[in-house]
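Beneath this line is the structure, given in structure tokens, with notes to follow.
Any read-out appearing in this document is the output of simple, stated calculations on the displayed coordinates, not a laboratory observation. Remember, it's a predicted structure, so these values are computed and weren't measured experimentally. Neighbour counts are summed over all protein chains in view; Cβ atoms, including those assigned to glycine, are modelled from backbone coordinates with ideal geometry.
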Amino acid sequence: MKLTVTLLALVLQVFSLENGLMRTPPMGWLAWERYRCNINCKEDPDNCISEQLFMNMADRLVEDGWRDLGYTYINIDDCWMMPERDEDGILVADPERFPHGIKYLADYVHSRGLKLGIYEDLGNKTCMGYPGSTLDKVVLDAQTFASWEVDMLKLDGCYSSPEDRAQGYPSMSKALNATGRPIAYSCSWPAYDGGLPPEVNYTLLMDICNLWRNYDDIQDSWQSVLTIVDWFTKHQEVLQPMAGPGHWNDPDMLLIGNYGLSFEQAKSQMALWTIFAAPLFMSTDLRTMSAQNMDILQNKLMIEINQDPLGVQGRRILKTQDAIEVYVRPLSRKASAIVFFSRRTDMPYRYHTTLRSLSFTDSLLYEAQDVYTENIISGLTADTNFTVVINPSGVVMWYLYPISGLENPLASKTFLRL
Ligand SMILES: *[C@@H]1O[C@H](CO)[C@@H](O)[C@H](O)[C@H]1NC(C)=O
Ligand SMILES: *[C@@H]1O[C@H](CO)[C@@H](O)[C@H](O)[C@H]1NC(C)=O
Ligand SMILES: *[C@@H]1O[C@H](CO)[C@@H](O)[C@H](O)[C@H]1NC(C)=O
Ligand SMILES: *[C@@H]1O[C@H](CO)[C@@H](O)[C@H](O)[C@H]1NC(C)=O
């Protein structure tokens with residue numbers, strides 16, 4: 001089964017967008033979930049959408065070790081613009097909140113080894129009512145973003161018709177390419193057309209976008225995380241094969257560091273997003289993050305799994321009557337990531353199983369590293385009985401690798417943090 005998935009991914013890769021970007025899921029920071037359309041700089045100067053906010057977060061990404069772990073994108077969302085284009089039809093950043101303009105911000109983040117993302121909307125207006133990229137403005141806007149040396153564009157879909165989207169999303173892809181500047185392209189298109197075939201043509205999306213939002217916006221609650229996880233899992237047969245190097249499903253931002261998730265739930269979101277080979281965009285105040293949340297987001301083995309070069313998205317492989325779910329993601333070097341997820345609300349649950357019941361049928365000797373506790377579980381064969389203790393709304397996550405019959409994938413590496 002694992003082999004089939006891998007081959008399929010390789011075959012599909014042939015059709016993917018050829019801008020060479022995002023061979024692994026992008027990582028960084030995106031303003032929307034935490035900062036929304038807060039333009040009230042008078043009362044809330046530290047948290048309003050302004051160049052100051054992005055410069056502060058860029059500084060944190062560099063100085064607190066995020067950049068060196070791979071969190072390199074710093075992305076603007078809605079509400080950065082003036083309410084009107086200028087007399088030449090060009091988009092203008094709000095001069096009070098972005099007094100130096102977007103090019104200055106791009107230079108600032110580039111000088112710190114980061115990349116800048118910007119936001120537009122393929123429609124009459126952005127979701128919050130700022131000037132949209134109507135079809136006649138697509139080429140001009142692509143050129144404007146390139147002239148500012150932006151590195152990524154999120155193109156939203158409010159105030160557009162299905163026909164506008166069918167024409168506009170491919171046009172913007174072409175227009176970005178024509179600028180000659182590599183600009184990663186995030187398409188909200190599928191989320192506006194129900195996220196599924198036949199309305200959504202994922203073959204086409206792979207051809208024109210680096211990532212796409214399949215489903216609803218995430219909100220700051222565990223319920224929102226569960227709704228997203230359940231939708232992605234319900235449709236995994238359709239969605240899983242679409243992900244691969246250069247083209248990713250995007251279940252939306254990480255909530256970790258905000259208000260809606262417990263510690264267990266924060267660990268669960270991180271683990272599940274990693275199984276989904278999802279982009280890791282934080283949307284939180286990096287200036288005030290707790291050490292606990294930082295540990296989750298900066299877990300080196302977790303990031304290594306998320307960024308696995310095979311780029312194969314995982315799947316839920318089973319769900320028990322006791323509300324335990326098991327997810328598996330195939331990784332390079334014959335390794336796998338396994339997430340044991342509890343949907344229970346009572347107490348830590350002792351889940352007894354074997355690798356064979358999780359579809360590992362080889363006659364190999366395996367070892368696992370618990371991604372959060374760093375404990376090593378050795379001497380596992382397909383038929384070894386083992387028990388994991390999973391907290392309510394929590395996970396246990398394993399990095400599983402064969403240690404006989406194959407070269408030890410860990411032998412050449414020293415990321416075991418022991
Ligand atoms: C534009 O597309 C061509 C063909 O797919 C590709 O070779 C090239 O690298 C692209 N350029 C940019 C800047 O994305
Ligand atoms: C966008 O604006 C045009 C011109 O006013 C209008 O015809 C069209 O219906 C609008 N589209 C949407 C989706 O609101
Ligand atoms: C989806 O898009 C691809 C690539 O553009 C195209 O070849 C295919 O015919 C489309 N499929 C459908 C069902 O429209
Ligand atoms: C694992 O547990 C099952 C059921 O409890 C038992 O039948 C089996 O012998 C055990 N296997 C090993 C290798 O201990």
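So the values come out like this:
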{"quantity": "Whether the stretch 16-72 is rounded, prolate or oblate, judged on the alpha carbon gyration tensor where a/c under 1.5 counts as rounded", "calculated": "oblate"}
{"quantity": "Alpha carbon convex hull of the stretch 315-402, volume per residue in cubic angstrom", "calculated": "85"}
{"quantity": "Percent antiparallel among DSSP beta bridges (both partners in the chain, rounded to 5)", "calculated": "60"}
{"quantity": "Asp216 paired with Glu374, simple spin-label distance in nm, labels 7 Å along Cα-to-beta-carbon", "calculated": "3.9"}
{"quantity": "Rh by Kirkwood over Cα pairs, then Stokes-Einstein D for the chain at 1.002 mPa s and 20 °C, µm²/s", "calculated": "97"}
{"quantity": "Approximate spin-label separation Thr354-Val389, in nm, with each point projected 7 Å along Cα-to-Cβ", "calculated": "2.5"}
{"quantity": "Per-residue [θ]222 nm for the chain (sum of -39500 (n - 2.57) over DSSP H runs n ≥ 4, rounded to 500)", "calculated": "-8500 deg cm²/dmol"}
{"quantity": "Relative exposure of Cys79, Cys209, Cys41, judged by other C-beta atoms within 10 Å (fewest first)", "calculated": "Cys41, Cys79, Cys209"}
{"quantity": "Residue order, fewest to most beta carbons within 10 Å, for Met294, Met397, Met302", "calculated": "Met294, Met302, Met397"}
{"quantity": "0 to 90° range, to nearest 10: angle between helix 101-111 axis and the chain longest Cα axis", "calculated": "40"}
{"quantity": "Phi to ³J(HN,Hα) by Karplus 6.51 cos²θ - 1.76 cosθ + 1.60 over the stretch 142-152, Hz, x for Gly, Pro", "calculated": "4, 5, 4, 4, 5, 5, 7, 6, 6, 10, 7"}
{"quantity": "Pair-distance profile P(r), taking every C-alpha pair of the stretch 70-190, with 10 angstrom steps and integer %", "calculated": "14, 49, 32, 5, 0"}
{"quantity": "GNM flexibility winner over the chain from Ala335, Ala271, Ala323 (Cα, springs under 10 Å)", "calculated": "Ala323"}
{"quantity": "For the chain, with +1 on Lys and Arg beta carbons and -1 on Asp and Glu, the positive-most of Asn47, Met397, Tyr259 along the dipole", "calculated": "Met397"}
{"quantity": "Per-residue ³J(HN,Hα) for the stretch 229-241, Karplus 6.51 cos²θ - 1.76 cosθ + 1.60, θ = phi - 60°, Hz, x for Gly and Pro", "calculated": "4, 5, 5, 5, 6, 4, 10, 5, 4, 7, 7, 4, x"}
{"quantity": "Nearest 10 degrees, 0 to 90: helix 263-275 Cα axis against the chain principal axis", "calculated": "90"}
{"quantity": "Förster-model FRET efficiency, 45 Å R0, Ile90 and Phe263, C-beta, rounded to 0.05", "calculated": "0.45"}
{"quantity": "Cut-off under 5 Å, modelled amide H: who pairs with Lys154 long-range", "calculated": "Ile118, Tyr119, Glu120, Ser186"}
{"quantity": "Lysine pairs within the chain, Cα separation less than 20 Å, 8 or more sequence positions apart or different chains", "calculated": "18"}
{"quantity": "Distance (nanometres) between label positions extended 7 Å along Cα→Cβ at Asp44 and Thr179", "calculated": "2.9"}
{"quantity": "Net charge dipole size for the chain [Lys, Arg +1 and Asp, Glu -1 on Cβ; Debye, nearest 20]", "calculated": "1420"}
{"quantity": "Ordering of 243-253, 214-224 by burial proxy (mean other Cβ atoms within 10 Å per residue, highest first)", "calculated": "243-253, 214-224"}
{"quantity": "Net length gained if the chain between Leu135 and Lys103 were fully extended (0.36 nm per residue, minus Cα distance)", "calculated": "9.1 nm"}
{"quantity": "Modelled FRET efficiency - R0 41 Å, Gln143 with Met347, Cβ distances, 0.05 increments", "calculated": "0.10"}
{"quantity": "Alpha carbon centroid spacing (whole Å) that separates the stretch 10-83 from the stretch 216-275", "calculated": "18"}
